[in-house]
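Here is the structure we will look at.
The values are calculated or read from the model by the stated rules, or taken from the named source; none is laboratory data. What you see is a predicted model; the values in this text were computed from it and never measured. Cβ coordinates were reconstructed from backbone atoms using ideal geometry, including for glycine residues, and neighbour counts include every protein chain displayed.
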Amino acid sequence: MQERATPLIVLEAITRSYGEKEAAVQVLKGLNLTIHSGEFVAIVGASGSGKSTLMNILGCLDRPSSGKYVFKGTDVSKLDADGLARLRRESFGFVFQSYNLIHSLNASQNVEMPAVYAGLGLEARQERAKELLIYLGLEERLTYRPGQLSGGQQQRVSIARALMNGGQIILADEPTGALDSKSGEDVMHLLIELWQAGHTLILITHSPEVARHANRVIEIKDGEIIGDTTREETRKAVAFNTPLPSKSTLFFELAEAMKSSLRALRMNIFRTILTLLGIVIGVASVIVMLAIGDGAKKEVMDRISSLGTNLLVIRPGSPNTRGFANIATLVPQDMKAVNTMDNILGTMPESRRNTTVRYGNNDTQTPINTTSYALPLIRNWPVALGTFFTEEDEENLAKVVVLGQTVATSLFGESDPLGAFVLVDNILFQVIGVMAERGASAMGEDEDDVVFMPYTTGSLHILGYEYLRNITVAVEDVKGIDETQKEIEALLLARHGVEDFRIRNMASLIENVSETQNTLTILLGSIAGISLLVGGIGVMNIMLVSVTERTKEIGIRMANGARMRNIMQQFLIEAIVVSALGGLIGVFIGLVVTGAVGHFEVSVVYSVWPVALAFGCSFLTGLVFGYLPAKKAAKLDPVVALASE
């Protein structure tokens, strides 16, 4: 009896209670038990006697309330959850009354499960699972799911799973309880063969007939051992009893978790689609909103920039007044003085008045802009037909005009207007040019609905006054625009003796408009981001429901050696996969919708960063909102999880 010198399992004064304080119920009451390697132990007792609780403690599925459990010289009470999972994975194999197979896996995949958590490669574990199933007479049922197998066949799959990692100790809880008599006998013969081949077998049963097969029978009643009888038995050589080497790596674990996650998502495809929907809407909204926001920003900036970013606009009136003040504070001499300063590319006045322009039987109401020959240069607005008036035209008070495209079309249609004479306030002016098409301004006005004439001529014949409505100054080096603005302010203050003017810096205006547009874009993105947040909450809710529905599956995986991190990885990856897939679909839909919106003459801008931002947020959504359900799953008690239905 040398082999029994070192016990396999030693229980000392083990108790197990459920409940708190006065309401606590003691199920096990100070049990002492020693089990040696190679024994076939049957634990018998009536329902409620504590035998299943004892088996859960022996199999490291549960912890005792007090007492000491020593396994192979190791105090089990000192092990954490992952340490207990390692013991279950390397030393125990479970055979349950209700089989506890995962219905989304076929027979071979159910058998492979313990080897997955032991780190065995795909090919090796598939070969071993096939070998075990053939040994148990299921060679033609390798790819059958549990629902396609009889009760006896499911129990054989359960036995094969118990042997997958070596099955040094097989814990069988009422293994024949759910089977008919013939299937029950077949299963018992298999268990006896395994014991005779060298496995330690601990069997929980309420049937004395089943217990007679064991070489040791322990009777338990009301949480106490009341009988322990042993008879000798001859056993054969060891088979299927070599523990698998553990070689699990993080990459291996993540790859296996990914496979399990995808399999679970396929099994609940309708729920997966509903979960995707919130993420899809959120991501698509972010992309569309930001594209529209950036498009609006670009359109406004382009219109403002078309006026020139190197411009200073001088207007009459004190610095605190708004709009245009019709006061005679700016005169042509001010413009000429500014034009002589350093860093000045050119200056031009602008004064406007709406009037009727007539040619033949056609007339139109349009603004007359009295300005200077420098307008095409300063406004970066070329002439499409003919020429613009010259400095000599200004000095000679020439009665010439240049038409905007809208005015030219209204008066002349498809005819050539060059050289024709038009009536402006019943005064004849000759058309010498037509401006290039400009389109709408930043304020939405038609910039082509205008007639240009020399300011000197306009002051005399059209406006009736010489003072200027505003002076536009173009600087050569925009980097020095602020310094030039200060010099102009000093010059005009010296000329006027009082600050009766104000200067608008177009570069600063563009910067302010850009900041405003950025704020609006962020606002639009934030509104869309709320959709993504709602989608993330939906992911979390669905995953919490999934954890609740799959509690028993979690317990089965834990019983077969899954660590806390394995369970967390699986559920976290499920959430990430759903969110990432939703993100990809959302990106596609967002780009399609953005393109469709663009066809309705709404300005949109395609750029990489909103797409990357939206997809990155969807990924983080899965990570953040999947963490809580994954953590909840990982912290489940194996015993409680297995008892779930």
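General remarks:
- Pairing residues of region 400-421 that are assigned by TED's automatic domain parsing to the domain that holds Ala436 with residues that are hydroxyl-bearing (Ser, Thr, Tyr), at Cβ distances under 7 Å and at least 6 apart in sequence or on separate chains, gives Val407/Thr364; Val407/Thr366; Ser410/Thr364; Leu411/Tyr359; Leu411/Thr364; Phe412/Tyr359; Ala420/Tyr359.
- For region 347-366, a tally of residues being in contact with a Gly (Cβ under 9 Å, 6 or more places away or on another chain) and surrounded by 17 or more Cβ atoms within 10 Å (Cβ to Cβ) returns 2.
- Ser77 small (Gly, Ala, Ser) and surrounded by 14 or more Cβ atoms within 10 Å (Cβ to Cβ): no
- Some residue of region 556-574 being over 23 Å from Tyr627 (Cα atoms), in the same structural domain as Phe270 (by TED's automatic domain parsing) and aromatic (Phe, Trp, Tyr): no
- For region 456-469, the set of residues classified as in contact with a helix residue (DSSP H, G or I) (Cβ under 7 Å, 6 or more places away or on another chain) and either charged (D, E, K, R) or closer than 21 Å to Thr390 by Cα (or both) consists of Thr456, Glu466, Leu468, listed by residue number.
- So Ile226, is it surrounded by 21 or more Cβ atoms within 10 Å (Cβ to Cβ), in the same structural domain as Gln97 (by TED's automatic domain parsing), modelled with pLDDT of 80 or more and out of contact with any His (no Cβ under 7 Å at 6 or more places or on another chain): no
- Of all residues making up region 267-297, the number that are more than 20 Å from the chain's Cα centre (by Cα), closer than 22 Å to Arg557 by Cβ and in a helix (DSSP H, G or I): 1
- Flag if Ile220 is crowded, with 21+ Cβ neighbours inside 10 Å, at negative phi and in a strand (DSSP E or B): yes
Rundown of residues vs (1) at pLDDT below 90; (2) under 36 Å from the mean Cα position of the chain (by Cα); (3) of a type outside the set (Lys, Arg), yes/no style:
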| residue | (1), (2), (3) |
| --- | --- |
| Met55 | no, no, yes |
| Pro64 | no, no, yes |
| Phe71 | no, no, yes |
| Asp75 | no, no, yes |
| Leu84 | no, yes, yes |
| Glu90 | yes, no, yes |
| Phe96 | yes, no, yes |
| Val111 | no, yes, yes |
| Ala118 | yes, yes, yes |
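- Which numbered condition Ala442 misses (of (1) surrounded by fewer than 18 Cβ atoms within 10 Å (Cβ to Cβ); (2) at pLDDT 85 or above; (3) in contact with a Ser or Thr (Cβ under 9 Å, 6 or more places away or on another chain)): (2)
- In a residue-by-residue description of region 371-385, the property of being farther than 30 Å from Ala296 by Cα, crowded, with 16+ Cβ neighbours inside 10 Å and among the small types (Gly, Ala, Ser) applies to at least one position.
- Yes/no for Leu136 being touching a helix residue (DSSP H, G or I) at 6+ places or on another chain (Cβ under 7 Å), in contact (Cβ under 8 Å) with a residue 24 or more places away in the chain and more than 30 Å from Leu254 (Cα to Cα): yes
- Scanning region 495-510 for residues that are touching a residue at least 40 places away in the same chain (Cβ under 8 Å) and either outside any loop (DSSP other than H, G, I, E, B) or aliphatic (A, V, I, L, M) (or both) gives Arg495, His496, Phe501, Arg502, Ile503, Arg504, Asn505, Met506, Ala507, Leu509, Ile510.
- Per-region count, region 183-210, residues charged (D, E, K, R) and touching a residue at least 12 places away in the same chain (Cβ under 8 Å): 1
- Near pairs, Cβ below 8 angstrom, 6+ apart or cross-chain, from region 474-494 (surrounded by 15 or more Cβ atoms within 10 Å (Cβ to Cβ) and at pLDDT 90 or above) to any residue that is small (Gly, Ala, Ser) and in a helix (DSSP H, G or I): Leu491/Ala337
- Filter pass, Ala614 being among the small types (Gly, Ala, Ser) and closer than 25 Å to Gly282 by Cα: yes
- The listed residue being aliphatic (A, V, I, L, M), surrounded by fewer than 24 Cβ atoms within 10 Å (Cβ to Cβ) and part of a helix (DSSP H, G or I), out of Val539, Val547: Val547
- Here Gly529 passes the criteria (1) within 21 Å of Arg315 (Cβ to Cβ); (2) modelled with pLDDT of 70 or more; (3) not β-branched (Val, Ile, Thr) except the one numbered (1).
- Unique residue being more than 19 Å from Ser261 (Cβ to Cβ) and out of contact with any Asp or Glu (no Cβ under 9 Å at 6 or more places or on another chain) when the list is Phe571, Phe600: Phe600
- Residues that are closer than 24 Å to Ser52 by Cβ and not polar (S, T, N, Q), drawn from region 611-645: Ala633, Lys635, Leu636, Asp637, Pro638, Val639, Val640, Ala641, Leu642, Ala643, Glu645
- Filter result for the condition that a residue is part of a helix (DSSP H, G or I) and either of a type in the set (D, E, K, R) or crowded, with 24+ Cβ neighbours inside 10 Å (or both), over Phe571, Phe588: Phe571
- Selection status of Val407, modelled with pLDDT of 90 or more, buried (at least 19 other Cβ atoms within 10 Å of the Cβ) and assigned to a strand (DSSP E or B): no
- The residue that is modelled with the lowest pLDDT, among those in region 309-336 that are over 17 Å from Arg469 (Cβ atoms) and in contact with a helix residue (DSSP H, G or I) (Cβ under 6 Å, 6 or more places away or on another chain), is Thr309.
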